[in-house]
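The values are calculated or read from the model by the stated rules, or taken from the named source; none is laboratory data. All values derive from a computational prediction rather than experimental measurement. We place every Cβ from the backbone using ideal geometry, glycine too, and count neighbours over all the protein chains shown. Please note that ligands, DNA and RNA were not included when accessible areas were found on the heavy atoms of the full protein model with its side chains. Shrake-Rupley method; radii C 1.70, N 1.55, O 1.52, S 1.80 Å.
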Amino acid sequence: RSKRRRSGGDDSTSGEDAKEPPMKRGRPRKKSERYKSRDLHSSHDPSRRKTVVGGYQYYPDLPAWPEINPRKVHRVVKLVLSKLRSLDTENCFENPVHEEYPDMAEEYLKRVSTPMSFSTIEQLQLPNYERVGELQEDLILTFRNCCIFNGEDSEFYRQAIKMWQSINDTFTEACRELQVHLPPRFAKT
């Protein structure tokens, strides 16, 4: 290490600088490990940061949903999903893209490692949810997949961001309707 410091300080324009970026890349990996437990679908959570892909992409940074009474999880999940479906007037997020558009399936599955949709959530995921945070993670995955596949210049991207931004308000509204107690940070009126 002392050699690296001396040579890096004395000769900042030499080939030694080429060895420095791996050290810098190590820091974000450590930071992203903090989010690993919150995002079950990937080793990092792009929803928590901006990424550069042909310009800056914007992903909403939403607080995690609080735990609620386990006996009310499925009712809240169903109501949140119902409310989001009513907001999705074009049914963009209803069915898996690779199933609804078989001609795009190969390209889609190359770019999206874990497909997700409202119907997938309802049919496959919902019965296994033990906490509402799992729904939030799957909804974020649904909208992130749309952003990744379509790119920020598309109308689908804008619709996904709009839906993504609405999920916490939709969750709060559903809990209020079902009289589920939330901490003050979520129980805003």
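Tabulated data
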{"item": "Residues of the stretch 93-114 classified as more than 30 Å from Leu182 (Cα to Cα) and either touching a residue at least 24 places away in the same chain (Cβ under 8 Å) or among the aromatic types (Phe, Trp, Tyr) (or both), total", "result": "9"}
{"item": "Criterion: surrounded by 15 or more Cβ atoms within 10 Å (Cβ to Cβ), hydrophobic (A, V, I, L, M, F, W, C) and either over 23 Å from Thr114 (Cα atoms) or at pLDDT below 95 (or both) - qualifying residue of Leu84, Leu62, Leu40", "result": "Leu62"}
{"item": "Among residues of the stretch 123-137, those that are in contact (Cβ under 8 Å) with a residue 60 or more places away in the chain and over 17 Å from Arg71 (Cα atoms), counted", "result": "2"}
{"item": "Odd one out for Thr120 among (1) under 14 Å from the mean Cα position of the chain (by Cα); (2) of a type in the set (Ser, Thr, Tyr); (3) over 17 Å from Tyr59 (Cβ atoms)", "result": "(1)"}
{"item": "Selection count where residues are without any contact (Cβ under 8 Å) to a residue 24 or more places away in the chain and open to solvent by less than 20 Å² (accessible area, probe 1.4 Å), scope the stretch 161-176", "result": "1"}
{"item": "Residue list for the stretch 177-187, filter: modelled with pLDDT of 95 or more and open to solvent by 100 Å² or more (accessible area, probe 1.4 Å)", "result": "Glu177, Gln179"}
{"item": "The stretch 102-124, residues that are polar (S, T, N, Q), open to solvent by less than 50 Å² (accessible area, probe 1.4 Å) and in a helix (DSSP H, G or I)", "result": "Ser119, Thr120"}
{"item": "Check on Leu182, assigned to a loop (DSSP other than H, G, I, E, B), within 26 Å of Asn69 (Cβ to Cβ) and of a type in the set (A, V, I, L, M)", "result": "yes"}
{"item": "Residue match in the stretch 141-160 (condition: among the acidic types (Asp, Glu) and open to solvent by less than 20 Å² (accessible area, probe 1.4 Å))", "result": "no"}
{"item": "Residue within the stretch 89-98 that is assigned to a helix (DSSP H, G or I) and exposed (fewer than 14 other Cβ atoms within 10 Å of the Cβ) present", "result": "no"}
